[in-house]
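Structure first, then comments.
The values are calculated or read from the model by the stated rules, or taken from the named source; none is laboratory data. Note that the coordinates shown come from a computational prediction; the quantities given were computed from them, not determined experimentally. Cβ placement follows ideal geometry from the backbone for every residue including glycine, while neighbour counts extend to all protein chains displayed. To get the accessible areas, we keep the full protein, side chains included, count just its heavy atoms, and leave off ligands, DNA and RNA. Shrake-Rupley method; radii C 1.70, N 1.55, O 1.52, S 1.80 Å.
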Amino acid sequence: MSIEIDILNGDAAWSEVEPLYQAIWPPEVVAKLPWADIVSAHADMRVLLRDDMDDVVCHVGIYRREAKWNGRKVNIGGIGGVLTREDSRRRGYATIALDAAVRTLKDEGSVDLGLLFCEPRHAPFYIARGWTPFEGDIYAEQPGGRIRFTATLPHVFDLRRKLHRGTIDLCGLPW
Ligand SMILES: CC(C)(COP(=O)(O)OP(=O)(O)OC[C@H]1O[C@@H](n2cnc3c(N)ncnc32)[C@H](O)[C@@H]1OP(=O)(O)O)[C@@H](O)C(=O)NCCC(=O)NCCS
């Protein structure tokens with residue numbers, strides 16, 4: 001089987017990705033997840049892996065954010081919505097899509113760090129792929145105002161800077 005990788009505009013690609021989200025995270029499943037009540041940002045770009053039938057089998061969202069670290073401007077490349085179709089797991093697709101997303105952030109040259117949020121059960125997957133648990137505090141916007149974001153665990157990927165602790169203010173919605 002051959003796999004094709006595309007990196008597309010986030011909004012334009014949403015219609016192609018939506019069925020994968022619906023299949024993996026239907027409302028009744030999301031309702032039981034720790035981030036069920038969190039309002040999230042939309043991806044700016046999307047990595048899509050397609051199979052021979054041109055069906056999307058894996059997705060990673062890329063988020064760009066001018067945020068603050070300890071009160072100073074920091075350019076974050078967010079990663080979120082890491083999803084592989086159930087019948088296509090454990091073939092390395094999420095690893096490939098994650099690599100492509102990180103390469104995209106690196107190639108931009110101006111991104112200080114990658115940042116993703118995951119449930120504790122997925123932390124070993126990201127740590128094994130070069131991500132480091134962030135040991136500080138994260139703040140984010142929600143419709144009701146600014147919150148300390150603790151629903152899922154932050155992990156960082158070193159790009160121009162190594163920021164493993166301190167306070168990050170996302171200055172917007174989380175992802
Ligand atoms: C988490 C998730 C994205 C992983 O997707 P995936 O495409 O199966 O990921 P990979 O195949 O790259 O890696 C998964 C495991 O399979 C292993 N693997 C990769 N290729 C393999 C192969 N050819 N044969 C056997 N195992 C393989 C990897 O080593 C990895 O094991 P590890 O976790 O012990 O390191 C997927 O399970 C998923 O969509 N889950 C539901 C949504 C979700 O919770 N997403 C995470 C949000 S943070």
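Given H placed on each backbone N at 1.01 Å, which residues far from Gly166 in sequence or on other chains put an amide H within less than 5 Å of it?
Gly136, Asp137
Net charge within 12 Å of Glu4 by Cβ-Cβ distance, Lys/Arg positive one each and Asp/Glu negative one each, not counting Glu4 itself?
Details: positive: Arg50; negative: Asp6, Asp51, Asp52, Asp54, Asp55.
So the environment of Glu4 carries a net charge of -4.
Based on the mean of other Cβ atoms within 10 Å per residue, sort peptides 127-138, 22-33, 51-62 so the most packed one is first. Don't skip to the answer; put the middle values down first.
On the way: 127-138: 15.1, 22-33: 10.8, 51-62: 18.8.
Peptide ranking by packing, descending: 51-62, 127-138, 22-33.
Lysine pairs, Cα distance under 25 Å, 8 or more residues apart or cross-chain: how many in region 23-166?
Working: Lys68/Lys106; Lys68/Lys162; Lys73/Lys106; Lys73/Lys162; Lys106/Lys162.
Value for region 23-166: 5.
Roughly what % antiparallel, to the nearest 5, for the DSSP beta bridges in region 98-175?
Details: 12 of 15 bridges.
Looking only at bridges with both residues in region 98-175, the antiparallel portion is about 80 percent.
For labels at His164 and Phe125 in the simple 7 Å Cα→Cβ model, what's the distance in nm?
Those two pseudo-labels are separated by 2.4 nm.
Using R₀ = 41 Å, calculate the FRET efficiency as 1/(1 + (r/R₀)^6) where r is the Cβ-Cβ separation of Tyr139 and Met53; round to 0.05.
On the way: r = 43 Å, r/R0 = 1.05.
Working from the Cβ atoms, E equals 0.45.
Considering only protein heavy atoms, what per residue accessible area in square angstrom results for the chain with a 1.4 angstrom probe?
Values: 9150 Å² over 175 residues.
Per-residue accessible area for the chain comes out at 52 Å².
Per DSSP H run of n ≥ 4, the term is -39500 (n - 2.57); total these for the chain, divide by its residue number, and report the mean residue ellipticity at 222 nm rounded to 500 deg cm²/dmol.
Working: 4 runs with 40 residues, N = 175.
Using -39500 (n - 2.57) per qualifying helix, the result is -6500 deg cm²/dmol.
Quick check: pseudo-label points 7 Å beyond the Cα along Cα→Cβ at Ser40 and Glu18, how many nm apart are they?
1.7
Under the rule of at least 5 residues apart or a separate chain, name every residue whose amide H is placed under 5 Å from the amide H of Gln142.
Ile147
What residues have an amide H closer than 5 Å to that of Trp175, excluding those fewer than 5 places away on the same chain, when H is modeled at 1.01 Å from N in the peptide plane?
Residues meeting the criterion, in which the H sits 1.01 Å from N, are Ala41.
What nm value, rounded to one decimal, do you get for the distance between Lys32 and Asp87 when each label is placed 7 Å out toward the C-beta?
Using points 7 Å along Cα→Cβ, the separation is 2.3 nm.
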